[in-house]
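Have a look at the structure below, then the notes.
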Amino acid sequence: MTIGIIGSGAIGTAFARTLARAGIEATISNSRGADSLKALIRELGPSIKAGTREEAARADIVLVAVNWSKLSAALASLPDWSGRISEVFAELVPGARVVKAFNHLRAEILAGDPCAEGGRRVLFYSGNDNAAKGEVAALIDRIGFVGIDLGSLAVGGKLTQFPGGPLPNQNLVKVG
Ligand SMILES: NC(=O)c1ccc[n+]([C@@H]2O[C@H](COP(=O)([O-])OP(=O)(O)OC[C@H]3O[C@@H](n4cnc5c(N)ncnc54)[C@H](OP(=O)(O)O)[C@@H]3O)[C@@H](O)[C@H]2O)c1
């Protein structure tokens with residue numbers, strides 16, 4: 001399973017950091033090109049590579065970590081998603097199996113140690129495709145967090161919506 005990241009800002013970097021800590025490979029990209037990511041790649045170590053937006057978008061699971069206003073440009077003219085898993089608004093990624101995840105915690109908490117207070121930090125996810133959610137749940141578990149399925153995109157999307165939803169910035173730990 002390959003992982004790509006579009007967006008190397010606070011959330012894209014935090015996600016890459018959690019992957020790097022678990023030794024999981026991924027390709028990260030931004031709007032300025034791979035050269036602008038040299039220092040980050042050096043810091044994160046060998047499992048994370050810099051690439052183009054197109055290279056990141058080719059992965060089996062693609063985390064889109066771009067501000068809402070820039071999303072359509074960031075996703076423009078990419079090939080069909082043909083069943084791959086993406087965390088963005090469905091209409092912008094035709095053919096993708098959309099899972100909303102990695103978006104409710106502040107970036108510095110997402111990047112930090114998932115073990116806390118004798119338990120593991122919680123990450124929420126939602127989506128309409130159970131198999132895709134299963135793959136994201138397995139990834140969440142692999143990087144040391146506890147995943148909680150919020151149900152469909154319509155339900156989970158609203159619960160984790162910022163601002164307005166009840167779950168953004170709830171830094172929860174599951175004990176036992
Ligand atoms: N920050 C948080 O703590 C936090 C917490 C929860 C959810 N979120 C959500 O996560 C999303 C990302 O937030 P962020 O704080 O990570 O934003 P950010 O730090 O501003 O980073 C945005 C990234 O998007 C990239 N980008 C913009 N246009 C692009 C394009 N056309 N092609 C490729 N990449 C493009 C930027 O590339 P360049 O680096 O080249 O400019 C940058 O790396 C937002 O929707 C935000 O609401 C953020």
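Overview of results
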item	result
log₁₀ of I(q)/I(0) at q = 0.13 Å⁻¹ - region 27-176, Debye sum with one point per alpha carbon	-0.63
Over the chain: helical MRE at 222 nm, DSSP H runs n ≥ 4 each giving -39500 (n - 2.57), nearest 500	-8000 deg cm²/dmol
Residue among Ala131, Pro163, Val175 farthest towards the positive dipole end of region 99-176, charges placed on Cβ	Pro163
Total charge dipole magnitude, the chain, about the Cα centre, Cβ charges on Lys, Arg, Asp, Glu only, Debye to nearest 20	260 debye
Stokes-Einstein diffusion coefficient of region 90-171, Kirkwood radius over Cα pairs, 25 °C, 0.890 mPa s, in µm²/s	187 µm²/s
Label-point separation, Ser77 to Ala34 (7 Å along Cα→Cβ), nm	2.0 nm
Positive-end residue of Val88, Ile41, Ala73, charge dipole of region 1-94 with Cβ unit charges	Ile41
Descending semi-axes in Å of region 7-108, equivalent ellipsoid built from Cα gyration tensor	21, 15, 13
Cross-link table Lys38/Lys133; Lys38/Lys100; Lys133/Lys158, entries beyond 20 Å C-alpha to C-alpha	Lys38/Lys133; Lys38/Lys100
Most to least accessible of Phe15, Phe162, Phe89 (protein chains only, probe 1.4 Å)	Phe162, Phe89, Phe15
Probe 1.4 Å, accessible area per residue of region 117-173, Å²	51 Å²
Within the accessible area of the chain (1.4 Å probe), percent carbon and sulfur	54 percent
Stretch gain in nm, segment Val175-Trp68, where the contour uses 0.36 nm per residue and the Cα spacing is subtracted	35.1 nm
Residue-normalised accessible area of region 1-69, given per residue in Å² at a 1.4 Å probe	48 Å²
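The values are calculated or read from the model by the stated rules, or taken from the named source; none is laboratory data. Predicted, not measured: the structure shown is a model, and the values here were computed from it. Note: ideal-geometry Cβ built from the backbone for every residue, glycine included; neighbour counts use all protein chains shown. Side chains included, ligands, DNA and RNA excluded: accessible areas come from the protein's heavy atoms. Shrake-Rupley method; radii C 1.70, N 1.55, O 1.52, S 1.80 Å.
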